[in-house]
1. If the requirement is being within 12 Å of the ligand (Cβ to nearest atom) and open to solvent by less than 60 Å² (accessible area, probe 1.4 Å), which of these qualifies: TYR160, TYR186, TYR154?
2. Kindly provide the set of residues from segment 190-204 that are surrounded by fewer than 21 Cβ atoms within 10 Å (Cβ to Cβ) and not basic (Lys, Arg), ordered by number.
3. Among the listed residues VAL199, VAL148, which satisfies the condition of being within 16 Å of the ligand (Cβ to nearest atom), within 16 Å of the chain's Cα centre (by Cα), under 19 Å from ARG101 (Cα atoms) and of a type outside the set (Asp, Glu)?
4. Having 2 or more residues that are within 24 Å of ILE227 (Cβ to Cβ) and open to solvent by 20 Å² or more (accessible area, probe 1.4 Å) is the bar; report the strands (runs of 3 or more DSSP E) wholly within segment 39-122 that clear it.
5. Any residue at all in segment 125-144 that's within 16 Å of the ligand (Cβ to nearest atom), open to solvent by 10 Å² or more (accessible area, probe 1.4 Å), on the phi < 0 side of the Ramachandran plot and outside any loop (DSSP other than H, G, I, E, B)?
Amino acid sequence: MTVHIGAQPGDIAETVLMPGDPLRAKWAAERFLDDPVCVNEVRGMLGFTGTWKGNRVTIHGSGMGMPSLSIYANELIKDYGAKTLIRIGSCGAMQANVKLRDVILATTSSTLSTPSSGFFRELNFAPSADFGLLHKAFHVAEAREMPVHVGGIYSSDVFYDERPDLNEQMQRHGVLAVEMEAAELYTLAARYGCRALAVLTVSDHLLTEEALPSEDRQSSFSDMVEIALEAAFA
Ligand code: HPA
């Protein structure tokens, strides 16, 4: 047990899928895994371990924002031996050619800060995805004819953003979308020699102000789980 995860040693698989929402973790575990067992429910954060095509997998919520993800990813890596961590989540598109429901595979993520900024001091560390995972995820998405974009995203600390000027600069520099967790996941993976990837679907659009209806969110979430599982094991 750790401060935030009630699992026993050995309860967590080396491969962990991390949706933001704990109830999505439960839904995905029940839908995709064989014999899922709940391994964490501390503070209402849920984690489940089961198997997918004979491979052990944990699906554990990250919560919203980098400080929350950082707590769970630190404990999953350092205390439970997680080696491959794949975020599955939603994002807001920032480019006109990126449409609602499109899949984004984040090569890197820009930030104003991450929970690691304090000790990096003057260094602007460039967090990056694991290329092997990214490569496989790209081929899975393409084979399924899902519209997929590969490139940089923005991990923001705020959902209710008061800096439209920053968004403009990021749009100008080709940033595909905004979310709130990937940069810290990539940074922790780099620090501890793990593999990480963020597989995102576009749930809303900053330029057109469109948003995905909730039924479509469920089906895009399913697509992301499948991409993540295939990328991890195929
Ligand atoms: N901002 C930040 N995070 C998000 C957004 C957004 O517009 N959409 C989905 N996750």
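The values are calculated or read from the model by the stated rules, or taken from the named source; none is laboratory data. Values in this document were obtained by computation on a predicted structure and should not be read as measured data. Glycine gets a Cβ as well: all are built from the backbone with ideal geometry, and neighbour counts include every protein chain shown. Side chains are part of the model used for accessible areas, which takes the heavy atoms of the whole protein and leaves out ligands, DNA and RNA. Shrake-Rupley method; radii C 1.70, N 1.55, O 1.52, S 1.80 Å.
1. Values: TYR160 fails: open to solvent by less than 60 Å² (accessible area, probe 1.4 Å); TYR186 fails: within 12 Å of the ligand (Cβ to nearest atom).
Only one candidate qualifies: TYR154.
2. Scanning segment 190-204 gives ALA190, TYR192, GLY193, ASP204.
3. VAL199
4. 47-52, 55-60, 103-110
5. Looking through segment 125-144, none of the residues is within 16 Å of the ligand (Cβ to nearest atom), open to solvent by 10 Å² or more (accessible area, probe 1.4 Å), on the phi < 0 side of the Ramachandran plot and outside any loop (DSSP other than H, G, I, E, B).
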